[in-house]
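Asker: Take a look at the following structure, please.
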Amino acid sequence: MKNGKLQIGLVGCGGIANNKHMPALKSQSDLCEIVAFCDIIEERAVKAAKEFGTPDAKVYTDYNEMYKDPEIDVVHVLTPNVAHCPATVAAFEAGKHVMCEKPMAHCTEDAQKMIDAWKKSGKKFTIGYQNRFRPEIQNLKKACEAGDLGDIYYGKAHAVRRRAVPTWGVFPNKALQGGGPLIDIGTHALDITLWCMDNYKPASVTGSVFYKLGGLKQATEGNMFGPWDPETYEVEDSAMGFIKMENGATINLEAAWAINMLDSREASTTLCGTKAGAEVFSGMGYPTNDLVYNRGRNGQLMEERITAAGNIAYFEGGAGDPGCIECHQWLRAILDDTEPLVKPEQAYVVTEILEAIYKSSDSGSEVKF
């Protein structure tokens, strides 16, 4: 630490860094400062340093060189998925705390290497699942912990966009990302579903992965981010998974960047329990995020939802944003020596299940754990 603040180094200065991490870290200027920026495209790192760094912030194109700086306390790994593992492992070996963007890794083998390096280092480790910090997800988690839903035996993880294929960065590049919507947005929906159910013991997975629309020029019509290039689109456009847990509970996972479906729900979950059910509605098909509980009461079916009164902005810098709340609790976990909300072991199970869906689709058979 320097000047009583954690010293932060960023690996990757692309979209997720500019839109989430750098603004969030800036909102926590009383706790940290960004002193190092690394990107294989040097111009991006230079631009980020000027906008978000300290006056003497350093720029790198090799994270191994950045890690040699003993003053850097914390590293945020914000690279394409396949680079999460090497960048994270090297950071732990250099004695840094690590926040890695979701998903933890593109495969279980890499995720295990990250877990092993973390445990050996004695440092803090978390994964960027900021949707847990949304107010309606926090409300649902508390209801589940209180037993309001009873025994939760069925869940559905929704990550469906009717047409919102990302047309920037490396999203369609399978070699760099490891997959498409399943690993990109399906990971968020699965994370909040497993977390609210508090169930991390999968028994088997069956999956279907579809490459139906990505290569069709006519399918690009109406895409939210403009037409994608069918010639360079290498990943799936949709994927479905059926997950059976050890205790008999089951989860359906649906993920799509492009699918002919009206109900576009993203980072949403449906939970069915013996006492009540709950549904989160969010995504491009909904103007606001909503949480609805359903149950029987006083001889009738009832529905309850959070009031539309909204939240009060009680801090400057957009502190009510899930990314800012995530950042604050992560930095406080380091400073106070407590556990971050998103635990590496939980993120590992998410990666394990996503990989099993891909494997099941490739083999045409069930994957058992």
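Asker: Treat every Asp and Glu Cβ in the chain as -1 and every Lys and Arg Cβ as +1, leave all other atoms uncharged, and give the resulting dipole magnitude about the Cα centre to the nearest 20 debye.
Answerer: Taking the Cα centre of the chain as origin, the dipole is about 480 debye.
Asker: Taking the Cα atoms only, what angle lies between the long axis of helix 84-93 and the longest principal axis of the chain, rounded to 10 degrees?
Answerer: 50
Asker: If you don't mind, there's one more thing I want to ask. Could you give the angle, 0 to 90 degrees to the nearest 10, between helix 42-52's Cα long axis and the longest principal axis of the Cα atoms of the chain?
Answerer: Roughly 90 degrees between the two axes.
Asker: Counting only protein heavy atoms and a 1.4 Å probe, tell me what percentage of the stretch 108-194's accessible area is made up of carbon and sulfur. Write out the running numbers ahead of the final one.
Answerer: Details: 1500 of 3120 Å².
Here carbon and sulfur together make up 48 percent of the probe-accessible area.
Asker: Taking square-rooted eigenvalues a ≥ b ≥ c of the alpha carbon gyration tensor, is the stretch 59-196 rounded, prolate or oblate, where a/c under 1.5 means rounded and, failing that, a/b exceeding b/c means prolate?
Answerer: Because a/c hits 1.5 or more and a/b fails to exceed b/c, the stretch 59-196 counts as oblate.
Asker: With the cut-off at 1.5 for a/c, could you classify the chain from its C-alpha gyration tensor as rounded, prolate or oblate?
Answerer: In terms of gyration-tensor shape, prolate.
Asker: Here is a further query. Working from Cα positions, state the angle (0 to 90°, nearest 10) between the long axis of helix 108-121 and the longest principal axis of the chain.
Answerer: 50
Asker: Sum -39500 (n - 2.57) across every DSSP H segment of at least 4 residues in the chain, then divide by the residue count to get the 222 nm mean residue ellipticity, nearest 500.
Answerer: -9000 deg cm²/dmol
Asker: Moving to a separate point now. Pull up all non-local amide H partners of residue 128: gap of 5 or more, or a different chain, and H-to-H distance under 5 Å with H placed in the peptide plane.
Answerer: When sequence neighbours closer than 5 places are left aside, the close amide H contacts are 100, 101, 102.
Asker: With a cut-off of 17 Å, note down the residues of the stretch 121-136 whose backbone N falls inside the zone around a label point 7 Å from the Cα of residue 288 toward its beta carbon.
Answerer: In the stretch 121-136, the label zone of residue 288 (backbone N under 17 Å from the point 7 Å along Cα→Cβ) covers 134-136.
Asker: Hey, another quick one. Name the residue farthest towards the positive end of the dipole of the stretch 49-178 from the options 91, 135, 57, assuming +1 on Cβ of Lys and Arg, -1 on Cβ of Asp and Glu, about the Cα centre.
Answerer: The Cα lying farthest towards the positive end belongs to 135.
Asker: Please calculate how many Å² of accessible area the stretch 216-342 carries per residue, with a 1.4 Å probe and no DNA, RNA or ligand atoms counted.
Answerer: Values: 7090 Å² over 127 residues.
So the stretch 216-342 comes to 56 Å² accessible per residue, rounded to a whole number.
Asker: Give the carbon-plus-sulfur fraction of the accessible surface of the stretch 231-304 in %, rounded to a whole number; probe 1.4 Å, heavy atoms of protein chains only.
Answerer: Ligands and nucleic acids excluded, carbon and sulfur reach 48 percent.
Asker: Which residue, chosen from 190, 211, 247, occupies the Cα position most advanced towards the positive end of the dipole of the stretch 150-255, where the dipole is computed from +1 (Lys, Arg) and -1 (Asp, Glu) charges on Cβ about the Cα centre?
Answerer: 211
Asker: Let me ask something else about it. Roughly how many debye, to the nearest 20, is the charge dipole of the stretch 250-369 about its Cα centre, given +1 on each Lys and Arg Cβ, -1 on each Asp and Glu Cβ, and no other charges?
Answerer: On the way: 9 positive and 18 negative charges, 97 e Å.
That gives a dipole near 460 debye.
Asker: Under 5 Å between amide H atoms, partner at least 5 residues away or on a different chain: which partners does residue 264 have, H built in plane at 1.01 Å?
Answerer: For residue 264, whose amide H was placed from the backbone, the distant partners under 5 Å are 285.
Asker: With an 8 Å Cα cut-off and a minimum separation of 6 or more residues, compute the relative contact order for the chain in percent.
Answerer: 19
Asker: Put a dot 7 Å past each Cα toward the Cβ at residue 306 and residue 262; how far apart are the dots in nm?
Answerer: Using points 7 Å along Cα→Cβ, the separation is 2.7 nm.
Asker: Tell me the net charge near residue 21. Cut-off is 14 Å between Cβ atoms, residue 21 excluded, with +1 for each Lys or Arg and -1 for each Asp or Glu.
Answerer: Details: positive: 20, 26, 44, 102; negative: 33, 39, 51, 101, 321, 326.
Result for the local shell: -2.
Asker: Setting aside same-chain residues fewer than 8 positions from residue 58, which aspartates and glutamates have a Cα under 16 Å from its Cα?
Answerer: 33, 39, 42, 43, 69, 71, 73
Asker: Filter the cross-link list 26/96; 142/343; 2/123; 156/359 down to pairs whose alpha-carbon distance in this structure exceeds 22 Å.
Answerer: From 26/96; 142/343; 2/123; 156/359, over 22 Å: none.
Asker: Taking a ≥ b ≥ c as the square roots of the Cα gyration tensor eigenvalues, with a/c under 1.5 meaning rounded and otherwise prolate when a/b beats b/c, else oblate, which class fits the stretch 217-339?
Answerer: Because a/c hits 1.5 or more and a/b fails to exceed b/c, the stretch 217-339 counts as oblate.
The values are calculated or read from the model by the stated rules, or taken from the named source; none is laboratory data. Since the model is a prediction, treat every value here as computed from it, not as a measurement. Virtual Cβ from ideal backbone geometry, glycine too; neighbours counted across all protein chains shown. Areas reflect the complete protein model, heavy atoms only, side chains present, ligands, DNA and RNA absent. Shrake-Rupley method; radii C 1.70, N 1.55, O 1.52, S 1.80 Å.
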